[in-house]
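Student: Dropping the structure in here first, questions after.
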Amino acid sequence: MVFASPIFLGYFLPLVLGGYYLLPATGPARNRWLLGASYVFYGWWDPRLVPALFALTLATFGLARWLGRADLAENRRRAGLAIGVGLALVVLFVGKYLGFAFDNYDRLAAAWGWSAAPAARWALPLGISFFTFHAISTLVDVHRRQAKPMDSLVDFACYLAFFPQLIAGPILRFGEIAPAYAQRRHSWAQAASGLALFSLGLAKKVLIADTLAPAADLAFGARELDAPAAWFGLVAYGLQLYYDFGGYSDMATGLARLFGFSFPRNFNAPYLAESITDFWRRWHISLGTFLRDYLYIPLGGNRRGAGRTVLNLLIVMVLGGLWHGAAWTFVCWGLWHGVLLAAERLLGGRAWYEDLPRFLRVLATFGLVLLGWVLFRAESLAAAGDYYAALVRFDGTAGAPGRLLGAELFAAPHLLIMVLGLGLMWSRRRAHEWSGQLTRRRTLLCLLLLLLALGVLSTQRSTHFLYFQF
């Protein structure tokens with residue numbers, strides 16, 4: 001079940017909303033309802049995944065309650081934290097990286113004549129990267145005395161499984177969101193802004209991301225590609241990824257507002273960044289702050305000299321790349337950004353093109369980010385190398401298949417949506433804030449976009465969100 005699907009929009013969401021507001025505003029009933037709905041939402045993909053999520057919930061809840069005891073000795077608190085974080089990481093490793101480890105072992109085994117790894121493989125459990133990070137956030141915040149553990153297992157289970165953010169985030173900090181599960185306010189204005197933000201996110205996903213997806217797929221799946229087609233396909237993918245994930249974040253935040261929650265903004269015009277450091281302040285903000293506060297700073301941050309700062313940045317970004325996917329392409333993508341961030345840090349927090357006019361700084365940063373997206377999208381390092389070669393192929397050697405592909409890529413719908421996507425990218429309006437100050441004109445616009453997106457959805461098969469695979 002995805003947000004942009006008839007079953008969610010026509011059945012699940014109206015039923016959950018209706019039941020929620022029919023229940024008493026005080027007491028545990030509404031959180032119980034949300035918890036049940038969230039487990040149904042998650043189990044819709046594969047019911048076998050629900051027990052694992054519940055088991056992690058029980059273990060984290062118990063450890064958090066234990067860590068929150070005032071009389072607990074410091075050495076025991078540290079041991080409890082290590083056990084809890086280790087358990088969450090084991091769940092993440094087994095669910096997401098064990099197959100990757102086996103595959104790499106098999107390559108070594110073939111080269112050295114060792115016995116092969118076990119044949120066991122399984123599909124990636126959806127949302128595992130997000131709910132394990134939520135579990136880690138709980139334990140760390142309680143251990144640091146930045147938050148108190150929840151008294152109610154239902155409230156905590158709801159935090160870990162809340163369906164708007166369960167599958168693809170944003171990553172919610174336990175200390176910031178936990179109080180809302182005990183008490184929160186509802187208003188018509190908040191609900192209206194939530195519906196408006198959801199409509200904007202749905203329009204981004206359906207009207208822009210899904211329209212550009214075929215162009216990106218054509219380019220990255222081509223055998224012969226010249227530079228203009230390769231760059232067009234790369235820009236299409238960069239916009240598809242932004243409007244897909246940014247649209248999902250808007251929808252998740254809008255849904256949360258409907259239930260009385262306030263999620264932090266997850267994107268802030270990232271393609272207007274003037275440096276890679278600036279980009280990571282704007283892109284997937286919840287992940288960036290999580291990696292900073294729970295990994296970079298504990299490693300020492302920038303407090304131990306330039307060399308250690310560079311090393312810390314490389315470690316954090318490589319692990320951040322690996323968090324996105326169990327493949328060497330993601331490791332190299334993280335390393336690419338780590339090197340760029342380290343270079344800017346060594347230059348005193350400035351990009352090497354800092355003296356250029358603002359427009360050129362933004363364009364240069366956008367180009368560096370796009371070059372990284374090649375690794376993010378390519379199926380292998382070899383495929384990424386081929387695509388990089390295509391980006392500089394201006395000699396017309398792509399042949400007839402490449403010219404035919406170019407004709408498909410530069411089709412009118414792709415060009416129109418490309419221009420629209422680039423235009424909105426430069427807009428100063430931000431959906432997160434814009435939807436919170438509704439006027440009649442804005443309300444009408446959101447309604448029209450919602451109807452248009454629903455109309456397009458009714459004529460095509462629903463598509464998954466790109467970040468579901470991470």
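The values are calculated or read from the model by the stated rules, or taken from the named source; none is laboratory data. This is a predicted model, so every value here is computed, not measured. Backbone-built Cβ (ideal geometry, glycine too); neighbour counts: all protein chains shown.
Student: For the structure I just gave you, tell me whether ALA119 is closer than 30 Å to MET1 by Cα, aliphatic (A, V, I, L, M) and modelled with pLDDT under 90. Explain how you work it out, then say what you get.
Tutor: Numbers: closer than 30 Å to MET1 by Cα: yes; aliphatic (A, V, I, L, M): yes; modelled with pLDDT under 90: yes.
The answer is yes for ALA119.
Student: Restricting attention to the stretch 39-50, does a residue exist that is touching a Pro at 6+ places or on another chain (Cβ under 8 Å), over 27 Å from ARG144 (Cβ atoms), buried (at least 17 other Cβ atoms within 10 Å of the Cβ) and of a type outside the set (Gly, Ala, Ser)?
Tutor: Taking every residue of the stretch 39-50 in turn, at least one turns out to be touching a Pro at 6+ places or on another chain (Cβ under 8 Å), over 27 Å from ARG144 (Cβ atoms), buried (at least 17 other Cβ atoms within 10 Å of the Cβ) and of a type outside the set (Gly, Ala, Ser).
Student: Give, as residue ranges, the helices (runs of 4 or more DSSP H) completely inside the stretch 137-205 that count at least 1 residues that are farther than 30 Å from ARG69 by Cβ and under 23 Å from the mean Cα position of the chain (by Cα).
Tutor: Working: elements: 153-161, 163-166, 174-182, 188-203.
Hits in the stretch 137-205: 163-166, 188-203.
Student: Then there's this: If you check ARG303, ARG257, ARG292, ARG308, which single one turns out to be touching a residue at least 40 places away in the same chain (Cβ under 8 Å) and more than 25 Å from LEU420 (Cβ to Cβ)?
Tutor: On the way: ARG303 fails: touching a residue at least 40 places away in the same chain (Cβ under 8 Å); ARG292 fails: touching a residue at least 40 places away in the same chain (Cβ under 8 Å); ARG308 fails: touching a residue at least 40 places away in the same chain (Cβ under 8 Å).
It is ARG257.
Student: If a residue has to be on the phi < 0 side of the Ramachandran plot and either assigned to a loop (DSSP other than H, G, I, E, B) or charged (D, E, K, R) (or both) to count, how many in the stretch 259-307 make the cut?
Tutor: Of the residues in that region, 24 qualify.
Student: Can you pull out every residue in the stretch 260-279 that is within 22 Å of ASP141 (Cβ to Cβ) and under 17 Å from the mean Cα position of the chain (by Cα)? First the steps, then the outcome.
Tutor: Taking the stretch 260-279 and keeping what is within 22 Å of ASP141 (Cβ to Cβ), we get 260-266.
Listed by number, the residues that qualify are PHE263, PRO264, ARG265, ASN266.
Student: Next up: Give the residue, chosen from ARG303, ARG282, ARG308, ARG265, that is touching a Gly at 6+ places or on another chain (Cβ under 8 Å) and either assigned by TED's automatic domain parsing to the domain that holds LYS204 or farther than 25 Å from LEU368 by Cβ (or both). So that I can check it myself, show each step before the final result.
Tutor: Details: ARG303 fails: touching a Gly at 6+ places or on another chain (Cβ under 8 Å); ARG282 fails: touching a Gly at 6+ places or on another chain (Cβ under 8 Å); ARG265 fails: touching a Gly at 6+ places or on another chain (Cβ under 8 Å).
Criteria check complete, one pass: ARG308.
Student: Are any of the residues in the stretch 249-259 surrounded by fewer than 20 Cβ atoms within 10 Å (Cβ to Cβ), within 19 Å of the chain's Cα centre (by Cα) and not β-branched (Val, Ile, Thr)? Explain how you work it out, then say what you get.
Tutor: Pass one, the stretch 249-259, residues surrounded by fewer than 20 Cβ atoms within 10 Å (Cβ to Cβ): none.
No: the stretch 249-259 contains no residue that is surrounded by fewer than 20 Cβ atoms within 10 Å (Cβ to Cβ), within 19 Å of the chain's Cα centre (by Cα) and not β-branched (Val, Ile, Thr).
Student: Which one of these does PHE3 not meet: (1) touching a residue at least 12 places away in the same chain (Cβ under 8 Å); (2) loosely packed, with under 14 Cβ neighbours inside 10 Å; (3) within 29 Å of the chain's Cα centre (by Cα); (4) not in a helix (DSSP H, G or I)?
Tutor: Result: PHE3 passes all but (2).
Student: Residue under question is PHE12, and the condition is that it be assigned to a helix (DSSP H, G or I) and either without any contact (Cβ under 8 Å) to a residue 40 or more places away in the chain or among the acidic types (Asp, Glu) (or both); does it hold? So that I can check it myself, show each step before the final result.
Tutor: Values: assigned to a helix (DSSP H, G or I): yes; either without any contact (Cβ under 8 Å) to a residue 40 or more places away in the chain or among the acidic types (Asp, Glu) (or both): yes.
When the stated conditions are applied, PHE12 passes them.
Student: Of everything in the stretch 341-397 that's of a type in the set (Val, Ile, Thr) and assigned to a helix (DSSP H, G or I), which residue is farthest from the chain's Cα centre (by Cα)? Lay out the reasoning, then the answer.
Tutor: Applying the first criterion (of a type in the set (Val, Ile, Thr)) to the stretch 341-397 yields 362, 365, 369, 374, 392, 397.
Going one step further and asking which of them are assigned to a helix (DSSP H, G or I), we end up with 362, 365, 369, 374.
Values: VAL362: 23, THR365: 20, VAL369: 16, VAL374: 17 Å.
Only one residue tops the list, namely VAL362.
Student: Can you tell me which condition VAL16 does not meet? The list is (1) touching a Gly at 6+ places or on another chain (Cβ under 6 Å); (2) at pLDDT 95 or above, and all the others hold.
Tutor: For VAL16, the failing item is (1).
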